[in-house]
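Worksheet: the structure to be examined is printed underneath.
No value in this document is a laboratory result; all are computed from the given coordinates. These numbers were taken from a predicted model, which means no experiment stands behind them. Note that we place each Cβ from the backbone using ideal geometry, even for glycine, and neighbour counts take in every protein chain shown.
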Amino acid sequence: MSILMLAGVCLAQKRDSEFNKLADRIFDEVVFRYDPVQGTQAGFHQYDALLPSGSRADIEAQTAALHKFEQEVESFDARGLSLVAAADRELVLAQIRGQLLTLEVVRPWEKNPDLYSSGVSNAVFVIMSRSFAPAAVRLKSVIAREKLVPRLFQSARENLKNPPRIYTEIALEQMPGIVSFFQNDVPAAFKGVSDGPLLGEFQEVNRAVIDALNGYQAFLKTDLLPRSQGEFRIGAETYRKKLLYDEMVDIPLDRLLEIGRENLRRNQEEFTRVAAQVDKSRTAEQILNETLLDHPAAGKLMQSFRDVLSGLREFIEKNRIVTIPSKVPPIVEETPPFMRALTTASMDTPGPFEKIAKEAFFNVTLPEKTWDAKQTEEYLQGFNRGTIISTAVHEVYPGHYTQFVWIARAPTKVRKLLGCSSNAEGWAHYTEQMMLDEGYGKGDLKLRLGQLQDALLRNARFIVGIQMHTGEMTVEQAVEFFVKEGYQVRPVAEKEAKRGTSDPTYLVYTLGKLEILKLREDYKKMKGDKYTLQSFHDAFLQQGYPPVKIVRRALLGNDSPVL
């Protein structure tokens, strides 16, 4: 290596080190200081005894700190940084701006009562769900957090100003499960603790949390709900900025809608074509209805998922689809109560800095025991055989679980901790189609119908998210769109439309999938005979989960369009 090259390397290392110190300050002074639960999730257990106060004063202090660091990062000259660190600088700056947009413009702390009650549940759940320390040690952290809960609910009462009615209704819908979580699940998680005084203190503090939850529920029902007349729509300009900051996508909304509708039509046409191959004497709708009836009983739903997972991993390894860095399979369990109103299945992976508790949980939402037979049957139709497989692919192999065990190998702390949904959800959604394209299921047409039905669900999210939040579609129209255009059963459609009111950019699934498909084609052209699917997937996952714009630059060496 020449002296000039060596000097260049040394300069880049020095500049990278300076930027990494700045990033560390941002994590310490803003990210984890104001969201210590995120610190616990990442694997930094010095934050386990802390809980955000939620006070307006703290929100204003957080906002001021973000503005200060925005200026620092913006003024940090990218010249001399390595390619990875230069991209990290862009990522950190975009994330700061996205957080400021949330706090100052979207203002969920003022509009979404569920933010507080579900947040309390999650704060305790992340401590009790993984054995990163002895149960008695973790129980002490739970007690410390629970002692801070009444202050958080006081902040909620002070902060909430005319929320959208649907937000208050969702919060009320979640409350019985949250109360049950503290009454039953939390005590059960620490039943092995033998320290009598510690258990006594826990019982007293936990009782106070349950009382605080019941008080908050009464406040929501009798005080907040009658005056919940606010607007959930964030508007076109805020939507555009949210996509730019969170996903690094600057495509105009009208063009995005064209892209979404085009992909929706293509998937609908493919669904009709595949259905005709199954039985051309019946309509696609009749075939769909038949596939919906092919589902396990409620009591066998969890085992059905467990049975699918081992076969998926074997197929991936045999066909060299992607490297799976961990041999530890995820644990299939029921979705925690505080998450059940808005999700049917999800993946909960260990944080990238978790040193001891490496468990990952694949959560599945079961039918409610209070439902009648008709409600239960309709819900289970959303877990038909094809959908069970596409869900397992999406959440575990080679979807979320596989990607997030790769994150521990990401090149920097920034890449381990910061990313975006169009990468994470886009990857998981992309794998549903890719696995069948590569031969999983041996051409089973009904599996393809299940994959296409899931693709249509994500297509509907794409269009509904934009149109609801720009005032072109009501919640009721969104429900109908999910049923008629997304081919979803009504209980799923209702849940999806409700979710869209507080998750405006859940277009990220289809958006990210389309970005990845384009990147794969461009990468294949560049590599020529040296291209393999596994090498592309490994190279993609090696970057962490930043916006695909950053991944494209790393893999292709240019800033060509993401779509």
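Across the range 243-304, the volume of the C-alpha convex hull divided among the residues equals 150 Å³ per residue. With a simple spin-label model that places each label point 7 Å from the Cα along the Cα-to-Cβ direction, the separation between Arg157 and Glu29 comes to 3.5 nm.
Rg and Dmax of the range 507-563, based on Cα coordinates, read 10.7, 34 Å. With viscosity 0.692 mPa s and temperature 37 °C, the Kirkwood radius over alpha carbon pairs of the range 338-415 converts through Stokes-Einstein to a diffusion coefficient of 226 µm²/s. If R0 is taken as 25 Å, the Cβ-Cβ distance between Asn20 and Met526 corresponds to a FRET efficiency of 0.25.
A convex hull fitted around the alpha carbon atoms of the range 422-563 yields 116 Å³ per residue. With the simple spin-label model, which puts each label point 7 Å out from Cα in the Cβ direction, the Lys355 to Ala373 separation comes to 5.7 nm. Screening the chain for whole DSSP H helices of 20 Å or more along their axis (Cα) with average Kyte-Doolittle hydropathy at least -0.5 returns 3-26, 83-101, 114-128, 165-180, 196-218, 301-318, 445-469. For the range 41-150, applying the loop criterion from DSSP together with a ceiling of 16 other beta carbons within 10 Å to the trypsin sites (Lys or Arg not before Pro) yields Arg79.
Note on Arg265 and Glu104: the extension gain reaches 54.2 nm, defined as 0.36 nm multiplied by sequence separation minus the Cα-Cα distance. Packing-based ranking of 424-433, 280-289, 201-210 yields 424-433, 201-210, 280-289, ordered from highest to lowest mean Cβ neighbour count within 10 Å.
Residues Met434, Met302 in ascending order of nearby Cβ atoms (within 10 Å, fewest first): Met302, Met434.
Report the normalised scattering of the chain as log10 I(q)/I(0) at q = 0.06 Å⁻¹, calculated by the Debye formula with identical scatterers on the alpha carbons. Debye output, listed in q order: -0.30.
Taking every DSSP beta bridge that has both ends in the range 239-514, the antiparallel portion is near 50%.
In percent, rounded to a whole number, the relative contact order of the range 239-514 is 23, using alpha-carbon pairs under 8 Å and six or more apart. Subtracting the Cα-Cα distance of Leu199 and Gln229 from their residue separation scaled by 0.36 nm leaves 6.5 nm. Taken over the range 181-262, the percentage of Cα pairs per 10 Å bin, counting from 0 up to the bin with the maximum distance, is 13, 23, 14, 20, 21, 8, 1. Distances between every pair of Cα atoms in the range 313-456, grouped in 5 Å steps from 0 to the bin holding the largest one, split as 2, 9, 17, 20, 20, 15, 10, 5, 2, 0, 0 percent. Counting Cα-Cα pairs of the range 56-204 in 5 Å increments starting at 0 gives whole-percent bin shares of 2, 8, 14, 14, 13, 12, 13, 11, 8, 4, 2, 0. Taking all Cα pairs closer than 8 Å and separated by 6 or more residues, the relative contact order of the range 3-236 comes to 23 percent.
Taking the number of Cβ atoms within 10 Å of each Cβ as an exposure proxy, the fewest-first ranking of His295, His67 is His67, His295. In this label model, Glu237 and Glu480 are separated by 3.2 nm, measuring between points 7 Å along each Cα→Cβ vector.
Of all DSSP beta bridges located in the chain, what percent are antiparallel, nearest 5? Taking every DSSP beta bridge within the chain, about 50 percent pair in antiparallel fashion. Stokes-Einstein, applied to the Kirkwood radius of the range 239-514 over Cα pairs at a viscosity of 0.890 mPa s and 25 °C, places its translational diffusion at 127 µm² s⁻¹.
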